[in-house]
Amino acid sequence: MKHVENQIFYHLDTKNSFEIGKIYHIGKNYNPFFAFYEKYSPGSISINTKMSEVLFESMKYIRERIYEDVRLEIDPNLPSRMNCLWVLPDSFLEARLNYWAHQISSKKLVKLSCTGVIHRADQRFLITEPFNLPLQRYMANKYWSGEMMEESNKIENEEILFTGEVQAIEAHCF
């Protein structure tokens with residue numbers, strides 16, 4: 001965990017929710033990733049939804065709950081995956097964009113001035129292994145330790161969680 005003050009980070013805005021010049025407080029409400037699970041209900045499953053998709057989403061939810069429990073045990077001051085903002089640093093921005101642009105549907109990059117707390121983690125510790133809860137807890141401990149699996153793929157596999165205050169400075173569509 002590291003405190004940052006007016007540090008520049010970037011965010012791939014999937015919900016088109018950042019207005020230039022506006023200040024946002026991150027960490028008080030669920031982020032769009034976790035809010036999905038708060039809205040998910042048996043009635044929201046269509047007849048065409050495959051059971052494998054339902055199982056996968058259920059396992060992702062279980063994973064997120066385990067990671068949250070481990071975070072609270074290790075250090076409750078670390079940014080929670082439930083209400084954080086995922087940000088990208090200035091360094092190697094183009095390489096990171098090339099990777100993340102293929103992972104999510106956003107095509108809007110927002111430049112932010114951030115004051116708050118960040119946590120750097122290796123996203124490869126985020127596995128969705130069905131019903132292997134001891135492995136999930138082990139991987140969660142690795143994730144929250146900030147350990148990286150190998151240095152050679154750090155750029156593509158590092159994710160940064162942020163909570164605190166952000167001001168949207170500029171946005172670009174790509």
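The values are calculated or read from the model by the stated rules, or taken from the named source; none is laboratory data. Note that the structure is a prediction, hence the values are computed from the model and not measured. Side chains are part of the model used for accessible areas, which takes the heavy atoms of the whole protein and leaves out ligands, DNA and RNA. Shrake-Rupley method; radii C 1.70, N 1.55, O 1.52, S 1.80 Å.
Nearest 10 degrees is fine. How inclined is helix 93-103 to the longest principal axis of the chain, computing both from alpha carbons?
30
Taking H placed 1.01 Å from N in the peptide plane, check which residues at least 5 places from L88 or on another chain put their amide H under 5 Å from its amide H.
Y10, H11
Taking H placed 1.01 Å from N in the peptide plane, check which residues at least 5 places from N83 or on another chain put their amide H under 5 Å from its amide H.
HN-HN under 5 Å from N83: N31.
Determine the calculated [θ] at 222 nm for the chain from helices alone, applying -39500 (n - 2.57) to every DSSP H run no shorter than 4 residues and normalising by the residue count; nearest 500 deg cm²/dmol.
Working: 5 runs with 60 residues, N = 174.
Value at 222 nm, helices only, nearest 500: -10500 deg cm²/dmol.
If you fit an axis through the alpha-carbon atoms of helix 133-145 and take the longest principal axis of the Cα set of the chain, what angle between them do you get, 0 to 90°, nearest 10?
The angle comes out near 10 degrees.
Give the carbon-plus-sulfur fraction of the accessible surface of the chain in %, rounded to a whole number; probe 1.4 Å, heavy atoms of protein chains only.
Working: 5210 of 9810 Å².
Heavy-atom surface of the chain belonging to carbon and sulfur, 1.4 Å probe: 53 percent.
If you build the Cα gyration tensor of the chain and take the root of 5 times each eigenvalue, what three semi-axes come out, in whole angstrom, biggest first?
For the chain, the semi-axes come out at 26, 20, 16 Å.
Taking a probe of 1.4 Å, how large is the accessible area per residue of the chain, in Å²?
On the way: 9810 Å² over 174 residues.
On a per-residue basis, the chain sits at 56 Å².
Could you state, as a whole-number percent, how many of the C-alpha pairs of segment 51-153 are farther apart than 21 Å? Provide the component values of the computation, followed by the final result.
On the way: 2331 of 5253 pairs.
Pairs farther apart than 21 Å: 44 percent.
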